[in-house]
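The structure under discussion appears below in the form of structure tokens.
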Amino acid sequence: MDTRKTRTDERSSYTYEFDGTKETIRPGEREVTEEQVKMLYAFNDSEVYYNNKNGHPPVEDWMKPRIKEWEANHPGEKWVKN
């Protein structure tokens with residue numbers, strides 16, 4: 001699960017990883033265009049966004065009293081979300 005985007009200066013090619021094997025594609029090779037590489041990174045960026053968003057869900061109303069109770073029983077400590 002990716003949680004960080006690839007730096008923009010490292011996006012000139014795209015590397016697939018599967019079964020312990022890496023395959024790198026570059027624009028101009030095997031009829032791959034620069035737009036296709038950009039599209040692959042756009043998919044990755046979307047995946048990273050949703051992984052990070054879903055990894056830290058908001059506190060629901062039913063949890064708030066339990067969190068306050070926990071903090072009351074543990075003075076000086078704060079409830080840590082994920």
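List of remarks:
- Any hit, the stretch 11-23, residues being loosely packed, with under 10 Cβ neighbours inside 10 Å, in contact with a strand residue (DSSP E or B) (Cβ under 6 Å, 6 or more places away or on another chain) and either β-branched (Val, Ile, Thr) or without any contact (Cβ under 8 Å) to a residue 60 or more places away in the chain (or both): yes
- Residues (surrounded by 10 or more Cβ atoms within 10 Å (Cβ to Cβ) and either over 18 Å from GLU10 (Cβ atoms) or among the hydroxyl-bearing types (Ser, Thr, Tyr) (or both)) located in the stretch 25-34: THR33
- Sole exception among (1) in contact with a strand residue (DSSP E or B) (Cβ under 7 Å, 6 or more places away or on another chain); (2) in contact (Cβ under 8 Å) with a residue 24 or more places away in the chain; (3) part of a loop (DSSP other than H, G, I, E, B) for VAL37, by number: (3)
Where a number appears in this text, it was derived from the coordinates with a stated rule and is not lab data. Predicted model, so just to flag it, every value in this text is computed and none were measured. Quick reminder, even Gly has a Cβ in these numbers, built from the backbone with ideal geometry, and neighbours come from all protein chains shown.
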